[in-house]
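> Provided herewith is a single structure, encoded as structure tokens, for subsequent inquiry.
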Amino acid sequence: MKKRSTLWTDRLLATIFVILVLYLSYRYPLQINFSGSSPTYSDTPLPLQLGKFLIALAGLLIISTKGSLLRINTSSGVWAAVFLIAISTALLKFLASEDIGFLEPYTWCAFGFLYAAGTPRVSARTAEKFIVFLFSYSLLVQFVQVLLFATVGRLPALAYADSYSVRFGSFLDDPNGFAALAFLFLGYFFAHEQPRTRWLGVFVSCLLILLTQSLTAIGFLIILIGLYALKGNMRSKIFFSIFVLILGGYAVYVIETTDILDILTQMYTQKSQSISDHSPQAAIEHALDGPLTFLFGSDEYFFTESWFAQSLANFGLAGLFVWLFFFLHVATRLKRDFASCHRKASKTYSAIAFFVAYFIFACLNLPMLNVYPINFLFFFLTFSILMQRISWNPAYQISPRTRHKI
């Protein structure tokens, strides 16, 4: 009876987790997001903004009945203590300024940690099923968005009529956030053992990234393709050469058939304000207001698109170092575990590695820790790695001596 009860609570917790990841699916059909950046949309009502927090808290109530929070290792425990201090600092800043911006990233950091700590061991096969489901759902919604735009001119969020700035963000209706999920899919298919599935999945994932029109994501994709060509075998070099030839041929076609100068001028005009918003200069100047501000941040919340610059302005050099060391530790740990994981778990680890790598890279230019549900998913996955929650065999118990054999 106890085993059946545990199985029921695990399934309920998994359902809540999926609901949290898919929560923003209401945006596109209801045209609700942020009217400031989406002219055809209305602002999100407060009940919908609070809904995700209430659902997350319901999950924590289930976790509290499981007693699994005690099963955390030293590495994750140390980071839990570090982030507890950081959350306490953010809370003090919030109480002083009454600006919720101080608490938002740490809130989902806490949720991600607690959900990872309360989750039983997950098999890589289960993780793969979730990734494939998420990919299929994302692809379906993306297809509907593109089809409706092409046929009746229905605009997604962050899009403007009579312009080239029409960005598709699938069920998140957020191209910057969805680009991170597209890299999750790209990593999964890149490690797929079936060649046809691998290259078709890689192609579709790259197409999803291009449809976001996220300069950060496209830039990271180009870096990945370049690294693949430089470090790969002859086949990868041939693939890269074909890619460059196709891209060059398309560029020649566009130049010959369109007024490319007018198009580039229009796109630059539309992107110029966004590029200006991403500049870290104002945040750095804000951080240099005084010695204490530089070390521990300002008491007035400062928002800028770059997360690293935002962290420096709001939490000072101390807060920035915490995030840099955490990212470095996660990247090092993930690289080690990926290299030693069971071959049947390689697709899952590859997906997580691509996702985490892009998330960290994107923090240079985007406020990724403010982007829901990408922030929640990032912390859940990273703490799951640190707590050794993913294995090929869900019944396989890890000990420090055997963890490299998974």
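> Among the residues of region 212-222, write down those that are in contact with a Leu (Cβ under 8 Å, 6 or more places away or on another chain) and open to solvent by 20 Å² or more (accessible area, probe 1.4 Å).
Once the filter is applied, which keeps residues that are in contact with a Leu (Cβ under 8 Å, 6 or more places away or on another chain) and open to solvent by 20 Å² or more (accessible area, probe 1.4 Å), region 212-222 yields only ILE218.
> Step by step: first the residues of region 11-30, then only those that are touching a residue at least 12 places away in the same chain (Cβ under 8 Å) and open to solvent by 50 Å² or more (accessible area, probe 1.4 Å), then the one that is nearest to ALA56 (Cα to Cα). Which residue is that?
Among those that are touching a residue at least 12 places away in the same chain (Cβ under 8 Å) and open to solvent by 50 Å² or more (accessible area, probe 1.4 Å), it is ILE19.
> Is it the case, given these coordinates, that TYR301 is among the hydroxyl-bearing types (Ser, Thr, Tyr), under 30 Å from SER165 (Cβ atoms) and at pLDDT 90 or above?
Answer is no for this residue.
> Quick check on this structure: which one of ILE225, ILE209 is open to solvent by less than 30 Å² (accessible area, probe 1.4 Å), assigned to a helix (DSSP H, G or I), of a type in the set (A, V, I, L, M) and at pLDDT below 85?
Residue meeting the stated conditions: ILE225.
> If you don't mind, another one. Could you list, ordered by first residue, the pairs with Cβ atoms under 6 Å in which the first is in region 325-341 and more than 15 Å from TYR358 (Cα to Cα) and the second is not in a helix (DSSP H, G or I), at least 6 apart or interchain?
From region 325-341, the pairs are CYS341/ILE406.
> What is the one condition in (1) touching a residue at least 24 places away in the same chain (Cβ under 8 Å); (2) out of contact with any Gly (no Cβ under 9 Å at 6 or more places or on another chain); (3) open to solvent by 20 Å² or more (accessible area, probe 1.4 Å) that LEU134 does not satisfy?
The single condition LEU134 does not satisfy is (3).
> Right, something else. Picking from LEU369, LEU324, LEU328, LEU320, which residue would you name as being within 18 Å of the chain's Cα centre (by Cα), surrounded by 20 or more Cβ atoms within 10 Å (Cβ to Cβ) and in a helix (DSSP H, G or I)?
Every option except LEU369 fails the conditions.
> A follow-up question, please. Name the single residue that is most open to solvent (accessible area, probe 1.4 Å) among those in region 162-179 being touching a residue at least 24 places away in the same chain (Cβ under 8 Å) and part of a loop (DSSP other than H, G, I, E, B).
Among them, the one singled out is TYR164.
Here's the yes/no breakdown for (1) open to solvent by 10 Å² or more (accessible area, probe 1.4 Å); (2) within 21 Å of LEU312 (Cβ to Cβ):
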residue: PHE354; (1), (2): yes, no
residue: PHE361; (1), (2): yes, yes
residue: ASN365; (1), (2): yes, yes
residue: LEU386; (1), (2): no, no
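> Moving to a separate point now. In region 299-316, how many are in a loop (DSSP other than H, G, I, E, B), among the small types (Gly, Ala, Ser) and out of contact with any Ser or Thr (no Cβ under 9 Å at 6 or more places or on another chain)?
0
The values are calculated or read from the model by the stated rules, or taken from the named source; none is laboratory data. Fair warning: this is a prediction, and the values are worked out from it, not measured in the lab. Backbone-built Cβ (ideal geometry, glycine too); neighbour counts: all protein chains shown. Accessible surface areas use protein heavy atoms only, side chains included; no ligands, DNA or RNA. Shrake-Rupley method; radii C 1.70, N 1.55, O 1.52, S 1.80 Å.
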